[in-house]
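Asker: There's a structure below that I have some questions on.
Derivation of every value follows stated rules applied to the coordinates shown; laboratory data play no part. On a predicted model such as this, the values are computed, not experimentally measured, just so you know. So basically every Cβ, Gly included, is an ideal-geometry build from the backbone, and we count neighbours across all protein chains shown.
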Amino acid sequence: MRTSDFDYDLPPSLIAQQPVEPRDAARLLVVSRGSGLLAHHHVRDLPDLLNRGDLLVLNDTRVMAGRLRGFRADTGGQVEFLLLFEHDNGSWSALVRPARGAIPGRQYRLEGSDGPLTGTVLHREDEIATVAFDRPIDPASVGTVPLPPYIRDFVGDPERYQTVYAREARSAAAPTAGLHFSEELFSRLTTVGVDHTFLTLEVGAGTFRPVRAEDPAEHVLGPERFSLPSGAAKAIRSARADGRRVIAIGTTVVRTLEHAFADQDAVLEGETDLFIRPGYTFSTVDALLTNFHLPRSTLLMLVSAFGGYDLIRSAYAEAIRESYRFYSFGDAMLLLP
């Protein structure tokens, strides 16, 4: 397949600029992979849509306050850094915009929320640079929480771009499927016998970088760190052994589980660069709740692999006809067997 096969036209008015309140009031397009039927619900209906014994798996990562703005030390030209992850030597990988001038040795004066700092470029590949800062930085507070560039009119608490169960701040973007869950919804799900557990995947540029190659096989998905607690691995093994469904909340969970359980013994910690696209055979995940994704993206390719290319095309067309809200602050889709 070609990257252009994953293109579609979206009216700009359907790009959500604000999240709905409460969180679980978002609309939910339920897609049956077996029958191809589509049904319209809301996220709050999940206790009625899922089965007793189902196991939800969620990504508990937190978005870093990693957006830093500043200027080139030599010319004063404006620049923006988006921190991705810290290296063992204390340097950072960062997405730099504009990237063209970020050559080794170049210095930038940046405005951190806890004071000014200087970043020196050590290395750059495409738009991602390795940067050394003149002092240690705290990714939870050094800058501001980055919103995707298509969200231009958000007015609200930055915590709304975090899940209610987010823990350690090590991600450059939110696992957006989880934004729909509230403590009250978790309580209702538990009451009807739907369990949940957590893993961590640190969302980096690999998740949201655009696919520029027309042949998706030429696209390189950068590695992202993950950890799967032993208790979560045990719960997933138990569900599979009992014939209960493992339901991934978001594409980051799908990639982590499919990587971790690729062999008989689950990998509990490491990095994954697993790029899932049509033709992939799933081994662990039975159902998926996910948002509506950008055209030509690796995320849309993953969803198309899971749901079937033609069915996902039909589901997206239906969502557009019914004025669903798209992308990070938008509505969701539930893909059931």
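Asker: Under 18 Å from the 7 Å Cα→Cβ point of Glu214, by amide nitrogen: which residues of the stretch 1-29?
Answerer: So the set is 1-8.
Asker: Would you list Phe133, Phe186 from fewest to most Cβ contacts within 10 Å? List each step's numbers first, then the result.
Answerer: On the way: Phe133 21, Phe186 17.
So the residues, fewest neighbours to most, are Phe186, Phe133.
Asker: Rounded to the nearest 500, what is the 222 nm mean residue ellipticity of the chain from helices alone, with -39500 (n - 2.57) per DSSP H run of 4+ residues and division by all residues? Before the final figure, lay out the partial values.
Answerer: On the way: 7 runs with 63 residues, N = 337.
That calculation yields -5500 deg cm²/dmol at 222 nm.
Asker: Label 7 Å along Cα→Cβ of Tyr280; the stretch 296-337 residues with amide nitrogen under 11 Å?
Answerer: The answer is 298-307, whose backbone nitrogens lie closer than 11 Å to the label point.
Asker: State the extension gain, in nm to one decimal, for the chain segment bounded by Asp242 and Arg313, taking 0.36 nm per residue of separation less the distance between their alpha-carbons. Don't jump to the answer; show the numbers that get you there.
Answerer: On the way: separation 71, 0.36 × 71 = 25.56 nm, distance 3.30 nm.
Gain in length upon complete extension: 22.3 nm.
Asker: Can you tell me what share of the DSSP beta bridges in the chain is antiparallel? A percent to the nearest 5 is fine. Provide the component values of the computation, followed by the final result.
Answerer: Working: 47 of 66 bridges.
Given both bridge residues lie in the chain, the antiparallel proportion sits at roughly 70 percent.
Asker: Hey, another quick one. Could you tell me what % of all Cα pairs in the stretch 67-133 have separations over 18 Å? Don't jump to the answer; show the numbers that get you there.
Answerer: Numbers: 526 of 2211 pairs.
That tail contains 24 percent of the Cα-Cα pairs.
Asker: On a full-extension model of 0.36 nm per residue, what is the gain between Tyr8 and Arg321, subtracting their alpha-carbon distance, rounded to one decimal in nm? Intermediate values should be presented prior to the final figure.
Answerer: Details: separation 313, 0.36 × 313 = 112.68 nm, distance 1.29 nm.
Computed gain between Tyr8 and Arg321 is 111.4 nm.
Asker: Here is a further query. Would you mind checking which residues have amide H under 5 Å from Gly112's amide H? H placed 1.01 Å from N; only 5 or more apart, or other chain.
Answerer: Leu117
Asker: For the stretch 193-237, which semi-axes, largest first and in whole Å, follow from the square roots of 5 times the eigenvalues of its Cα gyration tensor?
Answerer: Working: eigenvalues 191, 27, 18 Å².
After scaling each eigenvalue by five and taking roots: 31, 12, 10 Å.
Asker: What is the angle, in °, between the Cα long axis of helix 251-260 and the longest principal axis of the Cα atoms in the chain? Nearest 10 is fine, range 0 to 90.
Answerer: It works out to around 80 degrees.
Asker: For the stretch 205-218, just list the computed ³J(HN,Hα) in residue order, Karplus coefficients 6.51, -1.76 and 1.60, θ = phi - 60°, integers in Hz, with x standing in for Gly and Pro.
Answerer: 5, x, 6, 10, 5, x, 8, 8, 6, 6, 9, x, 5, 8
Asker: May I ask you to derive the FRET efficiency for Ala140 and Ala25 from their Cβ-Cβ distance with R0 = 30 Å, giving the value to the nearest 0.05? Could the numbers behind the result be given before it?
Answerer: Numbers: r = 29 Å, r/R0 = 0.96.
E between Ala140 and Ala25, to the nearest 0.05, is 0.55.
Asker: Compute the long axis of helix 309-321 from its Cα atoms, compare it with the longest principal axis of the Cα atoms of the chain, and write down the angle in degrees, 0 to 90, nearest 10.
Answerer: 80
Asker: Okay, moving on. Which order, highest average first, do 83-94, 285-296 follow once you tally other Cβ atoms within 10 Å for each residue and take the mean per peptide? Intermediate values should be presented prior to the final figure.
Answerer: Values: 83-94: 17.2, 285-296: 22.3.
The peptides rank, most packed first, as 285-296, 83-94.
Asker: Among Arg152, Arg313, Arg109, which one shows the highest mean-square fluctuation when the chain is modelled as a Gaussian network with alpha-carbon springs under 10 Å?
Answerer: Taking springs between Cα atoms under 10 Å, the residue moving most is Arg152.
Asker: Output wanted: per-residue J couplings in Hz (rounded whole) for the stretch 27-42, from phi through Karplus 6.51 cos²θ - 1.76 cosθ + 1.60, θ = phi - 60°, x for Gly and Pro.
Answerer: My calculation for the stretch 27-42 gives 6, 9, 8, 8, 10, 8, 5, x, 9, x, 6, 10, 9, 9, 9, 10 Hz in order.
Asker: Here's something else I'd like to know. When the Karplus curve 6.51 cos²θ - 1.76 cosθ + 1.60 is applied with θ = phi - 60°, which whole-Hz ³J(HN,Hα) does each residue of the stretch 148-157 get, with x for Gly and Pro?
Answerer: x, x, 7, 9, 10, 10, 5, 10, x, 6
Asker: Moving on to the next point. Rank-order 245-252, 140-147 by packing density, defined as the average count of other C-beta atoms within 10 Å over each peptide's residues, highest first.
Answerer: Values: 245-252: 25.8, 140-147: 19.2.
Highest mean packing first, the order is 245-252, 140-147.
Asker: Still on this model: Based on alpha-carbon atoms only, what is the radius of gyration of the stretch 30-102 relative to the globular estimate 2.2 N^0.38 Å?
Answerer: 1.98
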